[in-house]
Amino acid sequence: MVVLKFGGTSVAEVAAIRRVAGIIAGERRPRAVVVSALAGVTDALLHLAAGGGTIPGAPPPRALDTLLRRHTAAVQMVRDLAARVALEHELYAIAGHVAATLESAPGRLSPRSRDEVAAAGELWSSRLLAAVLADRGVNSAWIDARQVMRTNSHHGSAAPDLARTRDEVTRLVAPQISRGIVAVLGGFIGSDPSGVTTTLGRGGSDYSAAVFGACLDAAEIQIWTDVDGVLTADPRVIPHARPVAHLSYGEAQDLASFGAKVLHPGTIQPAVDRGIPVLVRNSHRPAAPGTVVGPRDASAPVVPIAGLACRTGVTLIEAIAHDEGAGDGFVSSVFAALHHLGVEAVLADLCGSRLVLTVQDLADVESVRLSLSRIADVRVATGLATVSVVGEGLGSDPRLSVEAAGALGDVPVHLVSRPPGGRTLAFVVDAKQTSDAVARLHDCFFGVAERRTPPARPAVRA
């Protein structure tokens, strides 16, 4: 059997939902479907839950109605009158629960109540898609994902309880599939041991699909989005970026961790643990082959470089120990201080008593500077970005690192780092140089031969 997961852009409007229903109908293997909220709906609900009271383009009294109308407009795809009336009733009931939750504590919702509001997006979309499939003659059933995905009580970023979830999948989902019924569930949402609604955080629908796929021992998990698979670079930076046919799990993880947007870091780990391949496909172009993310085939030739990733909002911290003989104790003290402040290092490089590291989206630079200044001379640089080259070949062919450095030429580089795993080479550059750096590296590894930049020593700043 297979699991098909559809992201928000794949179900953004009536035409998209109709296209998704065709994809599901065309898949003949036993299947379960996981669907995200319609594009933009979760963000709008969270804005309302935070006390925003409005969404773009809608005055405060009609904000929730605006979201509801997006869904009721799609109800017209259901041709059977009784089914259409029943679906409208279900959608309005979900909206009514959101309204009551918002009114219970205006502008002061607890994390638990925020999850109740945010869950509406997937409840709406999964109800809608199940009804559209049934109307097309697809034998399908809506299953409340909150009764299946069991989690802890960490609202906003709950962690699945895999053992309890597997029990619920075996009890509620597997029997439907065994009878030839397409099980339709919302992603992103679950419930804690007390039955209270929870959400899994960003990338939660991919996570749901991976968990359900692992619990069902699926042959594959399909992630349907709005691009032709995982691309060699961000298409907003490199318009001619092309799909990558195959990625190892490690390459996909590194690309996601360093900024690629198609898969969220860590969300496919349940599939990785069970060796289930993950296919990334384009719901707008279902004939495109997409990308297969799976176990590395030791017998297949290694594609040296899989792709590039970039991420802005980077801060570089250089700490030179007051006590040059502190050694490992100095490093431990730095990381302990960062942990106390809730700051996580992304890259790190140690040379003697000098530690250089980067952090992502650091809000309070001065607190970090003050904390570390007790044990080190501290220099902080903001307005930076990481540009990363990812590929299994980096671990076996040192010439690739030389080529990458040479391709950057005169682009100033603040730090060069090799994160654990040996698949990634990360360069920290000025944020304004991001597009130029990515373009040079893409030309080097994916452009035509005559456009390749000959290796040269990069301009590295101390």
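The values are calculated or read from the model by the stated rules, or taken from the named source; none is laboratory data. Keep in mind that this is a model prediction, so the values were computed, not measured. Here Cβ is always computed from backbone atoms with ideal geometry, including for glycine, and neighbour counts include all displayed protein chains. Remember, those area values only see protein heavy atoms, side chains included, never the ligands or the DNA or RNA. Shrake-Rupley method; radii C 1.70, N 1.55, O 1.52, S 1.80 Å.
Summary table
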| item | result |
| --- | --- |
| Any pair with Cβ under 8 angstrom, 6 or more apart, that starts in the stretch 314-331 at a residue that is farther than 23 Å from A426 by Cβ and touching a residue at least 12 places away in the same chain (Cβ under 8 Å) and ends at one that is open to solvent by 30 Å² or more (accessible area, probe 1.4 Å) and among the basic types (K, R) | A321/R354 |
| Test set (1) under 18 Å from S153 (Cα atoms); (2) surrounded by fewer than 24 Cβ atoms within 10 Å (Cβ to Cβ) - E220 fails condition number | (1) |
| Qualifying residues in the stretch 233-256 (those that are part of a helix (DSSP H, G or I), farther than 13 Å from V280 by Cβ and touching a residue at least 60 places away in the same chain (Cβ under 8 Å)) - the one farthest from the chain's Cα centre (by Cα) | G250 |
| Criterion (at negative phi and in contact with an Asp or Glu (Cβ under 7 Å, 6 or more places away or on another chain)) met by exactly one of T101, T66 | T101 |
| Residue in the stretch 358-375 that is under 27 Å from R440 (Cα atoms), out of contact with any helix residue (DSSP H, G or I) (no Cβ under 9 Å at 6 or more places or on another chain), surrounded by 19 or more Cβ atoms within 10 Å (Cβ to Cβ) and modelled with pLDDT of 95 or more present | yes |
| Single match in L308, L355, L350, L338 (criterion: of a type in the set (A, V, I, L, M, F, W, C) and within 27 Å of V237 (Cβ to Cβ)) | L308 |
| Selected residue (only one of T382, T358, T386 is under 24 Å from the mean Cα position of the chain (by Cα), farther than 17 Å from E251 by Cα and not in a helix (DSSP H, G or I)) | T358 |
| When residues of the stretch 382-421 are limited to those that are of a type in the set (A, V, I, L, M, F, W, C) and closer than 24 Å to V365 by Cα, the one most open to solvent (accessible area, probe 1.4 Å) | V416 |
| Subset of the stretch 91-140 (residues that are open to solvent by 60 Å² or more (accessible area, probe 1.4 Å) and under 30 Å from R29 (Cα atoms)) | R127, R136, G137, N139 |
